[in-house]
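Quick notes on the structure that follows.
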Amino acid sequence: MVKEKVVTDFMIGSIKNTVHDYYLDKGYYFNTVEVIQTKDTLRIPHTILNIKVTKGQKVRIKDVNIYGNTVFKDWQLRHKLEDSKAFRWYFLKSGKYLEENLHKDLPAIAEKYNSKGYRDARVVKDTVYFVAPNRVAIDITVDEGHRYYFGNFKWFGNTKYRSGQLDTILNIRPGEVFDQSKLEQKLFMNPNGYDISSLYLDDGYLFFQVNEQESNVHNDTIDFDVLMYEGKQATINKVTVKGNDKTNDHVIYREIRTKPGQLFRRSDIIRTNRELAQLGYFDPEKLNVVPTPNAADGTVDIEYTVEEKPSDQIELSGGWGGRSNASSGTQTGLGIIGTLGVTFNNFSAKNIFKKEAWRPLPSGDGQRLSLRAQTNGIYYQSYNFSFTEPWLGGKKPNSLTVSAFHSLFNSTGATKYVNTDAGKVINPDRSSMSIIGGSVGLGKRLKWPDNFFNMYAHISYNYYDLIKYNVFGFSSGYANDLNFGVNISRNSIDAPIYPKSGSNFVLSGQFTPPYSSFNGKDYTNLTDEQRYKFIEYQKYKITAEWFTQLTNKKAAEGKEARNLVLRTKVGYGFLGYYQKAVGFSPFERFYMGGSGISGFQNFVAREIIALRGYKDNSVSSSFGDPICARYTMELRYPVSLNPQATIFVLGFAEAGNTWANFKTFNPFQVKRSAGVGLRVFLPMFGLLGIDYGWGFDKIPGSTDASNGNGKGQFHFTIGGTLGEL
C-alpha cells in the first residue's frame with residue numbers, strides 16, 4: 001500500500017484477505033479484520049484507512065486419534081503428520097491447527113502403509129471438531145487393505161542392456177513385500193546412483209524413458225511389464241554459467257565436468273554440483289542445473305546457476321590473560337592479547353596492481369591469501385602468512401601453497417641482549433623462545449583409485465631459538481626441524497559447512513632426515529641440547545570420517561530441508577624414531593584434552609587434539625605423548641542453512657587417550673565424554689562453536705576434582721578442523 005493509490009472495494013477486500021490469512025497462518029483461526037475509512041479533512045478527497053484486527057485465541061490441536069489401524073501403532077502414524085501434531089509444551093511443538101496442513105499431511109499415512117506392501121491403504125475419513133474454545137481434536141480413520149508382494153518383471157524395448165542385467169540392477173526379487181517407493185527408486189532415482197535411469201543417463205541416453213505397468217494381479221502378487229524407450233545418445237552442445245558476479249568464469253568452468261562434445265552423463269552433473277559447493281563461494285542450497293535437450297539433432301545445452309555468498313573472513317579479538325613462566329610454570333603477570341587476521345578465499349593475485357580491481361580487494365580467481373598477527377606487546381608476538389594457488393599454471397588442478405611464520409614467546413619481557421664492558425651479551429634475565437618457519441607444498445588430484453583422491457606433499461623448515469625456556473626438555477640452545485610430509489586423502493563429502501553425506505579418509509606421514517644414521521654421533525652421551533640440535537622423527541596419522549543422513553525431509557517451497565545427520569570419526573597418531581638411542585622427539589608430540597585451542601603458547605611443535613569434557617591438555621602428560629587415539633560420534637541437526645548464518649546443534653559422545661610408548665598402547669583404554677554443542681558459521685568470521693561436555697573418567701595423578709569424573713566443562717572452538725585428529 002502506498003499513498004495516492006485509489007481506494008476501491010477490491011483493495012479493501014484484498015487488505016482483509018491478506019491480513020486474515022497472515023493471522024490464520026499463525027494459528028489464529030477466528031481472527032477478524034475490519035477496514036475503517038475516515039475522510040482526511042485536510043486533503044480532500046483523500047481518505048485514511050485504519051485496519052482493526054481482533055486476532056482471538058490461537059487454535060491448537062489437542063489430540064490426534066487414529067482408528068482402523070492394526071499394522072502400525074498410533075504413534076507411528078501420528079509421527080507421519082509433519083505439521084499437524086498435537087500441542088505438547090514439553091516437546092516444543094506449537095500444535096497449531098491449519099486445514100491446509102492437515103490435507104497436506106494425510107497422504108503420508110497412506111505412503112507409510114504403501115512402504116509395507118499395503119498398496120490399497122487409504123484415509124477414508126478425517127474429522128476435526130472443537131473440544132474447547134481454542135482446542136480441536138482430529139479423528140482419522142484408515143482402511144488398511146491387503147498386503148501385496150512383487151511378482152515377475154518383464155522388460156520390453158531394451159536393446160542396450162540384456163534383461164538379466166536390468167534385473168540385477170533392479171534387485172527386486174519375486175516374493176518381496178510390495179513397495180511402490182522402492183520400485184520408483186530402483187527405476188528412476190536411487191540416492192547412490194544405482195538405478196535403471198542412471199544406467200542409461202550415465203551413458204548419454206538423455207532421451208531415455210521408462211514406464212512400469214501392472215500386467216497381472218493374482219491373489220496377493222503383482223507382476224509388472226517395464227516398457228522402455230532408449231532413444232539415441234545425446235552430445236553436449238553448450239555449457240553456460242550464470243549468477244556469478246564476483247567469481248571469474250574460468251574458476252567455475254575448470255570445475256565443471258560436462259564439456260562440449262562429450263556424451264551427456266548425469267553423474268557428471270551431480271559431481272559438478274558437488275565441486276562447485278566445495279569451492280565455498282556459492283550457496284550450496286541454491287545451486288541449480290537446467291539441461292535443455294534438442295531431440296532433433298541429439299544434443300543438449302546445460303546451464304548452471306549459482307548464487308554468490310561471502311567467503312572472506314576477518315578475525316579481530318582481544319583478551320585479558322596471564323603470562324606463564326616457561327621455567328617455573330608460574331603466572332608472572334597479566335596482559336592484553338590482541339589478534340588481527342584476514343583470510344581472502346577468492347583472491348586474485350594477478351590483479352593486485354590494477355586499481356579498478358580493488359572492490360574492495362582484487363578477487364575472483366579462486367586463490368587463498370591469509371594474514372594473521374597476534375601480540376600482547378613484548379611478551380608474545382606471532383605473524384603468519386600463507387598463499388594458495390589451487391590451479392598452478394591454470395590447466396590442471398595442481399595446487400601450490402607457500403606459508404611462513406614467526407613467533408616470539410618472552411616470559412620476562414627482558415630484551416635479548418645487554419651491553420656490558422665485554423660487549424653485547426645475552427641478557428641473563430631473559431626467558432624466551434623464538435621460532436621462524438616456512439613451508440612449500442604441492443597438491444594434485446588423482447584419478448586412481450577414483451577421482452575423489454588427492455595427494456599433497458610439502459617440505460617445511462622450523463628454527464627454534466631457546467633461552468632459559470624449558471618446553472621441550474631442554475631450556476637453552478637451538479633446534480632445526482627440516483621435514484618432508486606427504487598426505488593421501490579421499491574426500492567425497494557433499495558440502496563443506498554442513499555435510500549430509502560422504503566420507504573423508506586421510507593417511508599422512510611426516511619425516512625428517514635420519515641424522516643419527518650418518519652423523520656418527522654417540523647419542524647415549526649427548527645432552528638434550530646437543531641431541532635435538534637437528535630434530536629427527538617419523539610421524540604417521542590416519543583418520544576416517546563418515547556423514548550419514550538419518551532423515552529424508554524434502555525442501556518445501558520457501559522452506560529448508562532440515563535433516564538429522566550422524567557424524568562418526570576415528571583417528572590414530574604415532575610418533576616414531578629412527579634409532580632407539582635417540583628416542584622419541586620432544587617435538588611434534590600429541591597433547592589431548594579440551595577444545596583444541598588452549599593458551600596461545602601451546603601450538604608450536606605440538607599437535608593439540610580436542611577431547612571435550614576435560615580441561616585443556618589434561619589427558620596427556622605435561623610434555624605430550626607420542627601415541628594418541630580418538631573416537632567421535634555426533635548427531636547434528638540444522639537450525640538454519642542460510643549461507644549468511646548457518647547454525648546447527650549437536651549432541652556428541654567421544655573418547656580418546658594418549659600413551660607414552662607402544663608397550664602401554666591400548667586403543668580401548670580411553671577417557672570417555674558426552675555432551676551437547678552449538679555451531680554457527682558466519683561468512684566473515686568462519687565456524688564458531690560452544691560445547692558443554694561431561695568427562696566420565698578420572699585423570700590419573702590429577703588433583704583437580706573438577707576435571708573428568710562426571711564433571712562438566714564449557715569449550716569454545718574457532719574453525720572446523722582445529723583440535724581434530
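Side notes on the structure shown:
- Residues in the stretch 276-298 that a label on THR240 would reach, taking backbone N under 20 Å of a point 7 Å out along Cα→Cβ: 287-298
- Between the beta carbons of ASN65 and ASP40, assuming R0 = 35 Å, the FRET efficiency works out to 0.05 to the nearest 0.05.
- Once both labels are positioned 7 Å from their Cα atoms along Cα-to-Cβ, the gap between GLU308 and ILE15 label points is 4.2 nm.
- Selection from VAL676, MET592, ILE497 lying farthest towards where the dipole of the chain points positive, charges on Cβ: MET592
- Using distinct alpha-carbon pairs, which all enter the 1/r mean, Kirkwood radius of the chain in Å: 31.4 Å
- Distances between placed amide hydrogens fall under 5 Å for ARG119 paired with TYR148, all partners being 5 or more residues away or on another chain.
- Under 14 Å from the Cα of LYS242 - aspartates and glutamates, other chains or at least 8 residues apart: ASP283, ASP301, GLU303, GLU307, GLU308
- SER363 long-range amide H proximity, modeled H, under 5 Å: SER348
- Placing +1 on the Cβ of every Lys and Arg and -1 on the Cβ of every Asp and Glu, with no other charges, gives the chain a dipole of roughly 1140 debye about its Cα centre.
- Cross-link table LYS447/LYS554; LYS154/LYS182; LYS468/LYS615; LYS85/LYS125, entries beyond 25 Å C-alpha to C-alpha: LYS447/LYS554; LYS468/LYS615
- The stretch 235-305 - percent relative contact order, Cα under 8 Å, separation 6 or more: 42 percent
- Between the stretch 579-658 and the stretch 35-102, the Cα center-to-center distance that results, in Å: 47 Å
- Pairwise centroid distance, computed over Cα atoms, of the stretch 143-195 with the stretch 473-494, Å: 52 Å
- Given charges at Cβ of Lys, Arg, Asp, Glu: the chain dipole, positive-most of SER84, GLN381, ASN661: GLN381
- Summing charges over all other residues whose Cβ lies under 12 Å from the Cβ of ALA414, with Lys and Arg as +1 and Asp and Glu as -1, gives +2.
- Aspartates and glutamates with Cα under 15 Å of LYS541, excluding same-chain neighbours fewer than 8 positions away: GLU588, GLU607, ASP625, GLU724
- Unsatisfied cross-links (Cα-Cα over 24 Å) in the set LYS521/LYS663; LYS539/LYS698; LYS350/LYS444; LYS26/LYS553: LYS521/LYS663; LYS539/LYS698
- Potential extension, GLU214-ILE352 segment - 0.36 nm per residue separation minus Cα distance: 43.1 nm
- Residue-wise HN-Hα couplings along the stretch 163-174, as the Karplus relation 6.51 cos²θ - 1.76 cosθ + 1.60 with θ = phi - 60° gives them from phi, are 4, x, 5, 5, 4, 5, 6, 4, 6, 10, 9, x Hz; Gly and Pro carry x.
- Computed label-point distance, nm, for sites VAL290 and GLU529 using a 7 Å Cα→Cβ extension: 7.4 nm
- Using θ = phi - 60° in the Karplus curve 6.51 cos²θ - 1.76 cosθ + 1.60, the 3J(HN,Hα) couplings for the stretch 651-657 round to x, 9, 9, 8, 8, x, 6 Hz; x is entered for Gly and Pro.
- Our helix-only sum for the chain, with -39,500 (n - 2.57) per DSSP H run of n ≥ 4 divided by its residues, gives a mean residue ellipticity at 222 nm of -3000 deg cm²/dmol.
- ILE488/ASP704 FRET efficiency (R0 41 Å; Cβ-Cβ; nearest 0.05): 0.55
Readers should treat all values here as calculations from the given coordinates under stated rules, not as data from a laboratory. The structure displayed is predicted, hence computed values, not measured ones. Because the Cβ atoms are built from the backbone with ideal geometry, glycine has one as well, and the counts that use them run over all protein chains shown.
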